[in-house]
């Protein structure tokens, strides 16, 4: 069961929430990875593109923002589906990117660091059926030690 949706009046309130609970706090995955949240990550995670092909990330997404607490919950969910991330430029899957699917269609992506003990948050979103199919066509993610 996912956490409750967060309902704030403004985008600024969501930004403060992200900074306080993610950037300024310690978030650890179910398997012990420390996840770092860059302040600039808010704009990537909580904005959508007006035009899909342009990828301009110009529109604040309340749907994404209301699920802000789902990010930590997804990272800490031990039964998440885990897949390698897809590199659109090189057209290959990447084992240094981990894609977690939880709550049927919620996706959280992290970039693993070279030390393999930490990662950086990339984005999170409610995925379409088409996106889920693409993710599930990638190899399952396997932890390297």
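All of the numbers you see were taken from the coordinates with simple rules; none came from a lab. Quick caveat: nothing in here was measured; it's all calculated off a predicted structure. Cβ coordinates were reconstructed from backbone atoms using ideal geometry, including for glycine residues, and neighbour counts include every protein chain displayed.
Data for the structure
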| item | result |
| --- | --- |
| Filter result for residue 105 (surrounded by fewer than 20 Cβ atoms within 10 Å (Cβ to Cβ) and within 22 Å of residue 18 (Cα to Cα)) | yes |
| Meets criteria (closer than 25 Å to residue 143 by Cα and free of Cβ contacts under 8 Å to residues at least 12 places away in the same chain) for residue 25 | yes |
| Residue within segment 2-17 that is outside any loop (DSSP other than H, G, I, E, B), in contact with a helix residue (DSSP H, G or I) (Cβ under 9 Å, 6 or more places away or on another chain) and within 27 Å of residue 89 (Cβ to Cβ) present | no |
| Pairs, first touching a residue at least 60 places away in the same chain (Cβ under 8 Å) in segment 100-113, second part of a loop (DSSP other than H, G, I, E, B) and surrounded by fewer than 21 Cβ atoms within 10 Å (Cβ to Cβ), C-beta under 6 Å, six or more apart | 102/77; 103/2 |
| Condition broken by residue 78, with the remaining ones in (1) loosely packed, with under 15 Cβ neighbours inside 10 Å; (2) free of Cβ contacts under 8 Å to residues at least 24 places away in the same chain; (3) more than 27 Å from residue 12 (Cα to Cα) satisfied | (2) |
